[in-house]
Amino acid sequence: MHKKALSPLIWLSMLAAVVGLVLWVTPRLPEIERSLLERRLNQVSQEFFAGSIRIQGVTLNRQLRARITELSGKLQTRQGPVPLEIRFIESLDPLSYFLEKKPVRFIFEGFRPEKSTRSGVSGTFTIDASSASNFEFTADFGSSDLEDWQWLDPQNLTGATGATKGSLTFRQAAGKDPEFHIDIESPQPGGNIQAKFFDLFLPYLPVSTQKEKVRDMTQKEQLIRYQKGSLKVDLLQSDRMKILLQIFIPDYNLKLTLNADLRTDRKDAFSQIARIMGLIEVK
């Protein structure tokens, strides 16, 4: 009789403990999710961000769609750490798709250097859980300026200005060569750029009056006004990349074109693209 009398008490005690645990955990779930995700991101990006990634908030709705807000980190570059941020990342598909080996689509907005006054780059990316090699990324540069990208190459881009528009696409499918494409322009009225930036063109110009004008420009420690410019980059094969850079300088009546083919290591093409385009040196 004593044991039977205790059974309801034990059951009620266990129920109270479970209810108490739920009441304690529920309001803390967003913080737990944020902490776990932040830790994981720092683990997988250690060589690029050196454990600097921080997340302000993470939410998961009833459809198991996630939203990450105010993600920031310091990218390790040759010039030192560069503070970058993303306003938000949001999944368009339930995260349960990962368990089902289905692709999960994400959108993001506000990728930019910290304290930038512009909206930044927006875009999409898709992660296919059926293969770690399947990945797709697109970016829209319509709300950025060359001023936001000076950190890529301070030697040549310090003081650079000019609104930009265009896109970037990267695709990687298991067993196939990666695909990489950039098509960006800075339309009229253009902006400013360092005179020594035009050193890039000298090896590709024939001996001419135009080449002498460019050589003269590059000797000056000053900003040069350009009216418009464009950059196209294509990874034609996993070991071959094509670059087309065009820019018009009205004060010198120069329309310059750099048309080059670059060879890359087939096994490390994407890392080399990052280094070539951004002069990024992973530590």
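The values are calculated or read from the model by the stated rules, or taken from the named source; none is laboratory data. Everything quoted here is computed from the prediction, not taken from an experiment. Neighbour counts run over all protein chains shown; Cβ positions are idealised from the backbone, glycine included. Surface accessibility is based on the protein's heavy atoms, side chains included, excluding ligands, DNA and RNA. Shrake-Rupley method; radii C 1.70, N 1.55, O 1.52, S 1.80 Å.
Polar (S, T, N, Q) and either farther than 28 Å from S72 by Cβ or in contact with a Cys (Cβ under 8 Å, 6 or more places away or on another chain) (or both): which single residue out of S130, S186 fits that description?
Within the list S130, S186, the selection yields S130.
Quick one: in region 216-242, of everything that is basic (K, R) and in contact with an Asp or Glu (Cβ under 9 Å, 6 or more places away or on another chain), which residue is nearest to Q155 (Cα to Cα)?
Going through the qualifying residues, I end up with R225.
K176 versus (1) open to solvent by 60 Å² or more (accessible area, probe 1.4 Å); (2) at pLDDT 85 or above; (3) not aliphatic (A, V, I, L, M): which is the lone unmet condition?
Unmet for K176, out of (1) open to solvent by 60 Å² or more (accessible area, probe 1.4 Å); (2) at pLDDT 85 or above; (3) not aliphatic (A, V, I, L, M): (2).
So which residues in region 187-205 are over 12 Å from N156 (Cβ atoms) and open to solvent by 10 Å² or more (accessible area, probe 1.4 Å), if there are any at all?
Passing the criteria: P187, Q188, P189, G190, N192, L202, P203, Y204, L205.
Out of curiosity, is V58 at pLDDT below 85 and more than 30 Å from D148 (Cβ to Cβ)?
For V58, the condition - at pLDDT below 85 and more than 30 Å from D148 (Cβ to Cβ) - is not met.
Please state which of the following conditions M217 fails to meet, knowing it meets all the rest: (1) part of a helix (DSSP H, G or I); (2) out of contact with any Leu (no Cβ under 7 Å at 6 or more places or on another chain); (3) open to solvent by 40 Å² or more (accessible area, probe 1.4 Å).
The number of the failed condition is (3).
For (1) closer than 27 Å to I182 by Cα; (2) under 18 Å from the mean Cα position of the chain (by Cα), each residue gets a yes or a no:
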site: G57; (1), (2): no, no
site: R62; (1), (2): no, no
site: V82; (1), (2): yes, yes
site: L92; (1), (2): yes, no
site: K102; (1), (2): no, no
site: I107; (1), (2): yes, yes
site: T126; (1), (2): yes, yes
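Take the residues in region 80-94 that are modelled with pLDDT of 85 or more and more than 16 Å from T138 (Cα to Cα); name whichever of them is surrounded by the fewest Cβ atoms within 10 Å (Cβ to Cβ).
Only one residue fits best here, namely P83.
Just to verify a result, which residue in region 66-79, among those that are in a strand (DSSP E or B), open to solvent by 50 Å² or more (accessible area, probe 1.4 Å) and not acidic (D, E), is farthest from A139 (Cα to Cα)?
K74
Inspect all residues belonging to region 121-134 and state whether any of them is modelled with pLDDT under 85, of a type in the set (D, E, K, R), assigned to a loop (DSSP other than H, G, I, E, B) and more than 15 Å from L84 (Cβ to Cβ).
Taking every residue of region 121-134 in turn, none turns out to be modelled with pLDDT under 85, of a type in the set (D, E, K, R), assigned to a loop (DSSP other than H, G, I, E, B) and more than 15 Å from L84 (Cβ to Cβ).
Any chance region 121-141 includes a residue that's touching a helix residue (DSSP H, G or I) at 6+ places or on another chain (Cβ under 8 Å), open to solvent by 60 Å² or more (accessible area, probe 1.4 Å) and closer than 30 Å to Q188 by Cα?
No, every residue in region 121-141 fails to be touching a helix residue (DSSP H, G or I) at 6+ places or on another chain (Cβ under 8 Å), open to solvent by 60 Å² or more (accessible area, probe 1.4 Å) and closer than 30 Å to Q188 by Cα.
Could you give every pair whose Cβ atoms fall below 7 Å, whose first residue belongs to region 96-108 and is in a loop (DSSP other than H, G, I, E, B), and whose second residue is not hydroxyl-bearing (S, T, Y), counting only separations of at least 6 or pairs across chains?
K101/A129; K102/A129
Residue check, T164 against (1) within 30 Å of T218 (Cα to Cα); (2) touching a residue at least 24 places away in the same chain (Cβ under 8 Å); (3) not basic (K, R), all met but one. Which one?
Answer for T164: the failing condition is (2).
Filtering region 242-270 down to residues that are modelled with pLDDT under 80 and touching a Ser or Thr at 6+ places or on another chain (Cβ under 7 Å), which residue is farthest from T164 (Cα to Cα)?
R266
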